[in-house]
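Remarks on the structure that follows.
Every number here is computed from the coordinates shown, using simple stated rules; none is lab data. Because the structure is a prediction, the values reported are computed rather than measured. Here Cβ is always computed from backbone atoms with ideal geometry, including for glycine, and neighbour counts include all displayed protein chains.
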């Protein structure tokens, strides 16, 4: 999946973090297709997510 994310031009770390976060909030399987690297769109801008993660 990491290589697939790279092939689709996504930062694998950002993709995986976003997917795991969304999976925790999901209540059914209907939205799983949108989490695949070929169809994934980030929920937030990568720069904002990085700044969030680095906050102390």
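The protection proxy used here, the mean number of other Cβ atoms lying within 10 Å of each residue, ranks peptides 1-14, 20-33 as follows, highest first: 1-14, 20-33. Taking label positions 7 Å along the Cα-Cβ direction at both residue 20 and residue 1, the computed distance is 1.0 nm, reported to one decimal.
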